[in-house]
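Here is the structure we will look at, set down as structure tokens.
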Amino acid sequence: MPYHSPISPGLSWYEASLGARPRYAALDGDLAADVVIVGGGFTGLSAAAHLARAGVDVVLIEAHRFGDGASGRNGGQLGTGQRAWAEELEEELGFTRAKALFDLAEEAKAHLLGFAADHGIEIDYRPGQMSVVHKRRYLDDYRKHADIMRERFGYPHLSYMDAEETARRLGSDRYFGGVRDTGTGHIHPLKLVIGTARVADEAGARLFETTRATGISAHGGKVRVVTQHGTITAEKCLVATNAHGNGLEPESAAHVMPIGSFIGATVPLGETSPVLPGGEAVDDSRFVVRYFRKSSDGRLLFGGREIYAPGEDKAIHRHIRRQITELYPALKDIEITHAWGGYVGITMPRKPFVREVMPNVISAGGYSGHGVMLSNFVGKLYAETVCGNRDRLKLFEELKVPPFPGGRLLRPALMFLALNWYALRDRI
């Protein structure tokens, strides 16, 4: 029987589908540890789990609850490779480094699925993802991309789709073609957050929710993280706040910009629905990407609304419904049971920002829409670094990620203008 509820701007379908989430206590008093982690999303929890399993004494704090940021509220698509296509990275970095980054991302994909399987985390994985073209002039690029991935980067799972195949697999004729990736898929992200926290907790990591960091300092070989409930002193620190740092650490704030992204969930479409008959996830070629898929119970989860300035979008459902109707006119009256949003972190070149921002303090974030897969793996690579092997994390640390222009005062206004200009180009 379909689930009906009023539209809840703050409540995601992911959370509603799970019922009560596990709760973790707030910090109460001062602590000492080997490592302190600030941020309880994919990066921080993955790092905590791997560190604790390696015998490292780790404390993690989260300002809200685990998964309340982008990690628990995103589109759930894994993707393949880095955010930029492999051939684009080859143009900039050369084949050797581009291939190393692609291989690392492939390992990240395998790690995510393997970690979930090894620890009994049911993440509702479904295979398949399609990247589709909203402007005919992009078709040649997508056709060449599929060939390059197969012939140059050894990835045989990507195939080009013409307009007819694309329409058949989407259940919509609004796109001109695209590529289909059978080597990736999509998940229920909040289930992965909850499961990773459980693994970290069982391994001995000390996890605290509703504990906001108010300051970080590094002196005399020690790092101190101050909160409203106490101070944590450690040898090393990972800042994993991504879009939610709120100026906690200025270097990260200069390089990682929050943008609002919003998703709506419909009632289950039913077994006879022509929408996405193969169950693949979809992203399109717009700058303001539209991304959608069906949930395990047959709902259409549709994202595509972004805002580039702080504030809450009061009409998520209206914007999402308009975009759904453009692709699927038969769904113009479909009930949207949940509409939610949040902030994701982007960087200027859409590459992850991983940097030592002060002695023994590494910040990681800015996954730019590719974070489900990469953020979990960056957490693992950080744990490797603490345990003595920094070589693989350095592949991310060495990426050129310039700060956003404008300084602290002008940066938001300049970004608002620039991003809205690119959004306008989607319609030209």
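The values are calculated or read from the model by the stated rules, or taken from the named source; none is laboratory data. Keep in mind it's a predicted model, so treat the numbers as computed, not measured. Heads up, the Cβs are rebuilt from the backbone with ideal geometry, glycines too, and the neighbour counts pull from every protein chain shown.
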Lone qualifier among Leu238, Leu269 - being of a type outside the set (D, E, K, R), crowded, with 17+ Cβ neighbours inside 10 Å and more than 23 Å from Val372 (Cα to Cα): Leu269
message: Pairs please, first residue from segment 13-27 and closer than 20 Å to Gly40 by Cβ and of a type outside the set (Lys, Arg), second anywhere and modelled with pLDDT under 95 and assigned to a loop (DSSP other than H, G, I, E, B), Cβ atoms under 6 Å, 6+ apart in sequence or on different chains.
response: Ala26/His229; Leu27/His229
- request: Taking the residues in segment 399-428 that are at pLDDT 90 or above and loosely packed, with under 12 Cβ neighbours inside 10 Å as candidates, determine which candidate is nearest to Ala47 (Cα to Cα).
  value: Lys400
message: Considering only residues that are out of contact with any Lys or Arg (no Cβ under 9 Å at 6 or more places or on another chain) and without any contact (Cβ under 8 Å) to a residue 40 or more places away in the chain, which ones fall in segment 203-221?
response: Thr214, His219, Gly220
- prompt: Hey, any hits in segment 127-134 for a residue that's of a type outside the set (Gly, Ala, Ser) and free of Cβ contacts under 8 Å to residues at least 24 places away in the same chain?
  reply: no
Sole residue being within 20 Å of the chain's Cα centre (by Cα) and either within 27 Å of Val199 (Cα to Cα) or in contact (Cβ under 8 Å) with a residue 24 or more places away in the chain (or both), chosen from Gly178, Gly114: Gly114
field: Where Val354 falls short, out of the listed (1) crowded, with 21+ Cβ neighbours inside 10 Å; (2) modelled with pLDDT of 95 or more; (3) part of a helix (DSSP H, G or I)
entry: (3)
query: Does at least one position in segment 189-197 carry a residue that is assigned to a loop (DSSP other than H, G, I, E, B), in contact with a Lys or Arg (Cβ under 7 Å, 6 or more places away or on another chain), touching a residue at least 24 places away in the same chain (Cβ under 8 Å) and of a type outside the set (Asp, Glu)?
result: no
field: One residue from His145, His134 being of a type outside the set (Gly, Ala, Ser) and in a loop (DSSP other than H, G, I, E, B)
entry: His134
- line: Asp30 meets each of (1) crowded, with 17+ Cβ neighbours inside 10 Å; (2) in contact with a strand residue (DSSP E or B) (Cβ under 8 Å, 6 or more places away or on another chain); (3) of a type outside the set (Gly, Ala, Ser) with one exception, condition (1)
